[in-house]
Amino acid sequence: MTGGKVVRVRVDPEKCQGHNRCKALAPALFELDEYGNSKEIGDGIVPEDQLEAAYLARANCPEMAVEIIEE
Amino acid sequence: MAQDTTRTRPPVTDWTTDWDHLDPNWRDNPYPIWDDLREKCPIAHTKRFLGAYLPTSYAAVKAIAYDTKSFSSRRVVVREVRPEPPMPSPPISSDPPHHKPAKQLLLPPFTPDEMKKLEPRARAICNELIDKFIADGRCDAAQMYTRHIPVRVIAHMLDVPESDGDQFIQWIHEILELGITNDEILMKAVHEMSMYFAGYVEARTRKPGDDLISRIIMARQDGKPLPPQEVLGMIRLLLIAGIDTTWSAIGSSLWHLAKTPSDRQRLIDEPKLMPTAIEEFLRAYAPVTMAREVVQDTVIEGCPIKAGNMVLLSFPAANRDPAMFPEANKVIIDRQENRHSAFGLGIHRCVGSNLARLEMTVAIEEWLKRIPEFRLDPAIPVTWSEGTVRGPRQLPFIFG
């Protein structure tokens, strides 16, 4: 929850190619499968202290696979 | 060595219609050439190499990398000859739908967690190398340091003698540099590599270990093991793809730090910056240029592309595109937004990207710990490789 808004991250599995940049920048938000492809952990809700990491993960994904959804 | 092939080549008359990546000007400093082309003609063409395109904008490189229908990976190096059929080395030379199953065999041994297991040996290798020259107060870092790190780490992964590394480097030089213009040298090197590894494959088929060769032998595709020729092809590919690429990336990074004391000091003062700095070195000095074969006519960024040509897929040029990276020609070691394409874009993302990052990080950290002060030796020139992989091959440093 940030200012009443819920922020979530999501990895588009069609776009992810396993560069692992999100995992390196925001290890609390992403997990890898056995092939190294990434997925958001759980429901992808970003705690306030992880917001910066979430935006960095998006800004460094070469495949534009990391989405941030503000509800 | 590498310079021999360029000596006899006709000089480039116009880079937009007659480009040549073996030209000495490209080899020594390609960045102004790419900047100029990106402005004038973001997809250049040449009649050399039996016809080939050269995209230099990020948008064009990305569009081509994503369009696997028009751009086949059956050939991944722009050469002067195009033997039929091309030599398959899956998954790098595979297109959909064959690509994914082949790639999935190789991905599990290269995840970040797997790479962490290699870190102690990688650090030890770096220190063993530094021990040999630190007392001299100087060294050729390309020949005495960066060259040996990836080859010893991969030998360790394959569980073959690290001392055979010089032989691996010679084969790769013959395949990736001399092989562009000389098919005979290339085929001989491929044959010798196959003979070398066939013995290991046979022994580990009988008695597998936990090394990478055994893992490839034991991998199953549709429930079946790979034919021996494919096992050998994958091992060859791992060596070819994993050695002078990372050798080059480490070398370019140290070259940058030798001539930029402020960045060197900052990395020593703020070690947490290392991961961001590594990504910036990968962007600015991306070593690897791939290729595609155009298999159907198409249009990229408004430019008609004709089947039968090759494409020199320059990820390094894409990484210098100011439309994608502000101040693209400046190395900013704390760059926050960095979607660089050093490991490719799309389905052919480099399998060994986590290994390359580990080797770069360890090599630079251990170097800075032992040799925090160093500079280029003004009396000896820095020289660069030519062809598909770009990095320093002579890198004279003075310490202190």
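Things worth noting here:
- Qualifying residue in the stretch A:9-17 (condition: within 9 Å of the chain's Cα centre (by Cα), open to solvent by 60 Å² or more (accessible area, probe 1.4 Å) and among the aliphatic types (A, V, I, L, M)): no
- Checking B:PRO372 against (1) open to solvent by 10 Å² or more (accessible area, probe 1.4 Å); (2) within 14 Å of another protein chain (Cβ to nearest Cβ), the condition it does not meet: (2)
- Entirely in the stretch B:207-326, the helices (runs of 4 or more DSSP H) that have 1 or more residues that are surrounded by fewer than 22 Cβ atoms within 10 Å (Cβ to Cβ): B:212-218, B:228-242, B:244-259, B:261-269, B:274-284
- Any chance A:ARG21 is out of contact with any His (no Cβ under 7 Å at 6 or more places or on another chain), of a type outside the set (Gly, Ala, Ser) and open to solvent by 60 Å² or more (accessible area, probe 1.4 Å): no
- Any hit, the stretch B:222-241, residues being of a type outside the set (Gly, Ala, Ser) and in contact with a strand residue (DSSP E or B) (Cβ under 7 Å, 6 or more places away or on another chain): no
- Criterion: in contact (Cβ under 8 Å) with a residue 60 or more places away in the chain and either at positive phi or out of contact with any Gly (no Cβ under 7 Å at 6 or more places or on another chain) (or both) - qualifying residue of B:ALA203, B:ALA219: B:ALA219
- Hey, B:GLY346 over 16 Å from the mean Cα position of the chain (by Cα) and either closer than 27 Å to B:ARG236 by Cα or open to solvent by 50 Å² or more (accessible area, probe 1.4 Å) (or both) or not: yes
- Within the stretch B:281-315, being of a type in the set (Asp, Glu) and closer than 25 Å to B:LEU176 by Cβ holds for one residue alone: B:GLU293.
The values are calculated or read from the model by the stated rules, or taken from the named source; none is laboratory data. Given the structure is predicted, the values throughout are model-derived calculations rather than measurements. Positions of Cβ are backbone-derived with ideal geometry, glycine not excepted, and every protein chain shown enters the neighbour counts. We work out accessible area using only protein heavy atoms, side chains counted, and drop any ligands, DNA or RNA first. Shrake-Rupley method; radii C 1.70, N 1.55, O 1.52, S 1.80 Å.
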